[in-house]
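Q: What follows is a single structure, and I will ask about it in a moment.
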Amino acid sequence: MSDISLTASMRTNLLSLQNTQSLMDRTQERLSTGKKVNSAIDNPSSYYTAQGLTNRASDLDALLDSMGQGIQTIKAANEGIESITAFVQQAKAVANTARDTPNLSTVTASNDFVAADGDVKVKIGDQVFIVAFTTAAPADAENAATKLNGDTTAQNGTTLQQALKDANLAFTHDGDKVVLGLADSDIKTAKVTVNVSSDIVGLNISGTFNPDARDSSLSQYNEILEQINQLANDSSYKGVNLLRKDDLRVIFNEDRSSYIDVQGTDASSAGLGLTAVDKADWSTNGGVDDTITAIEEAINTLRDMATEFGNNYSIVQTRQDFTENLINVLEEGSDNLILADMNEESANMLALQTRQQLGINSLSLASQAAQSVLQLF
């Protein structure tokens, strides 16, 4: 107070105590908060620099959640692809079973022989084949059968060999005869016998099919396609389904300038090029072979999908790891600017407490001269 006079020594000691208390207050704040810069007043440059680093780390931390969800979306699609691939492989097994199921029950032949300059005309379904089958002695029946099943001159771009395979037919020899019968089947009735002699110059063949022979396999195949469609529909994550042509964008930085676009695809049966079949489709072995070919192409498509999603997964995972490490770097840089050294501050507090006690003692000594006046009374 201005109306109270203190001696010079008392004022000096008082100012020293006030300064010591101020330093103690600052040290106590650092010890309690763990920071040496608690506001812009303490150190504007360090405070705002640290604040910028902390803000960026916070923004990136929010993006980590988005990256994690992106990874889960890709994983959901990949799980769907693996299961769909299993279904497609199962469909291939069913188609192969149908292929191995004969649906040709009888084979008949007419005696409507047509002169063809020594060649043989063979008709299977709508295909007519001119076979280079010259007259042969009975002893050459084996060679004749081999030739009939082998190289031929065909019309309409189809070989006799393929037509015989599709119709489950094959030429064999029986002594001095060439015999046409069902291939790979226990049904050996209704064989067509061709005598190998100079007067045999043509043959007309037709077959009667059993349309129900492959019904069980056909039904199983169509059911598998339906399951593929359902599985593709169920491979979504948080409303995004990469297997139903939904796209996904994963953001990697705070200003959205770094990202990856994951393109969705159609993993349904139609998207894979697989369609439901009926009796007409599988009435011939060739029709079943076409289905098997489509299945093999679908498997290759699924493998390409898995490779693409796997690559995207690796990219997002790598960026997620990088972001986590970058956040640690930013937070460490911020801490270096504002965090207090607790060992140093503890030592400062001990020194200040000692200084304070000494200051109080000094102030007491400085006031003794004034107190001696009281002894006059």
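The values are calculated or read from the model by the stated rules, or taken from the named source; none is laboratory data. Because the structure is a prediction, the values reported are computed rather than measured. Positions of Cβ are generated from backbone atoms using ideal geometry, with glycine treated the same way; all protein chains shown enter the neighbour counts.
Q: Scan the stretch 18-40 for residues that are among the hydrophobic types (A, V, I, L, M, F, W, C) and at pLDDT below 75 and jot them down.
A: Those that are among the hydrophobic types (A, V, I, L, M, F, W, C) and at pLDDT below 75: Leu23, Leu31, Ala40.
Q: Are any of the residues in the stretch 298-309 in contact with a strand residue (DSSP E or B) (Cβ under 9 Å, 6 or more places away or on another chain) and either farther than 30 Å from Ala213 by Cα or not small (Gly, Ala, Ser) (or both)?
A: The answer is yes; a qualifying residue exists.
Q: Right, something else. Identify the single condition in (1) modelled with pLDDT under 90; (2) surrounded by fewer than 19 Cβ atoms within 10 Å (Cβ to Cβ) that Phe129 does not satisfy, given that it satisfies every other one.
A: (2)
Q: Output the number of residues of the stretch 21-53 satisfying the condition of being part of a helix (DSSP H, G or I) and either in contact with a strand residue (DSSP E or B) (Cβ under 7 Å, 6 or more places away or on another chain) or small (Gly, Ala, Ser) (or both).
A: Residues flagged as part of a helix (DSSP H, G or I) and either in contact with a strand residue (DSSP E or B) (Cβ under 7 Å, 6 or more places away or on another chain) or small (Gly, Ala, Ser) (or both) within the stretch 21-53 amount to 6.
Q: Right, something else. Give Ala306, Ala294 a once-over and let me know the one that is among the aliphatic types (A, V, I, L, M), in a helix (DSSP H, G or I), farther than 29 Å from Leu63 by Cα and within 33 Å of the chain's Cα centre (by Cα).
A: Every option except Ala294 fails the conditions.
Every residue, every condition in (1) outside the structural domain of Lys75 (by TED's automatic domain parsing); (2) among the acidic types (Asp, Glu); (3) over 30 Å from Ser83 (Cβ atoms), yes or no:
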residue: Leu302; (1), (2), (3): no, no, no
residue: Thr307; (1), (2), (3): no, no, no
residue: Asn311; (1), (2), (3): no, no, no
residue: Thr323; (1), (2), (3): no, no, yes
residue: Leu337; (1), (2), (3): yes, no, yes
residue: Ser346; (1), (2), (3): yes, no, yes
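Q: Just checking, how many residues over the stretch 247-269 are without any contact (Cβ under 8 Å) to a residue 40 or more places away in the chain and within 27 Å of Val94 (Cβ to Cβ)?
A: Going through the stretch 247-269 one residue at a time, the tally reaches 1.
Q: Still on this structure, I have one more. Considering (1) farther than 30 Å from Thr54 by Cβ; (2) exposed (fewer than 12 other Cβ atoms within 10 Å of the Cβ); (3) at pLDDT below 80, say which one Asn343 fails and leave the rest.
A: Result: Asn343 passes all but (1).
Q: Here is a follow-up. Report yes if some residue within the stretch 234-246 is touching a residue at least 12 places away in the same chain (Cβ under 8 Å), among the small types (Gly, Ala, Ser), in the same structural domain as Leu64 (by TED's automatic domain parsing) and in a loop (DSSP other than H, G, I, E, B); otherwise report no.
A: The answer is yes; a qualifying residue exists.
Q: Now a separate question. Select from the stretch 54-103 the residues that are part of a helix (DSSP H, G or I) and of a type in the set (Asp, Glu) and write down the one among them that is farthest from the chain's Cα centre (by Cα).
A: Looking at the filtered set, the residue picked out is Asp59.
Q: What single numbered condition from (1) out of contact with any strand residue (DSSP E or B) (no Cβ under 8 Å at 6 or more places or on another chain); (2) modelled with pLDDT under 95 fails to hold for Asn229?
A: So Asn229 meets the others, but not (2).
Q: Something else about it: Which of the residues that make up the stretch 190-226 are at pLDDT below 95, in contact with a helix residue (DSSP H, G or I) (Cβ under 8 Å, 6 or more places away or on another chain), of a type in the set (Ser, Thr, Tyr) and within 30 Å of Arg99 (Cβ to Cβ)?
A: Ser217
Q: Condition test on Ser258, is it in contact with a strand residue (DSSP E or B) (Cβ under 9 Å, 6 or more places away or on another chain) and either farther than 30 Å from Asp61 by Cα or at pLDDT 95 or above (or both)?
A: no
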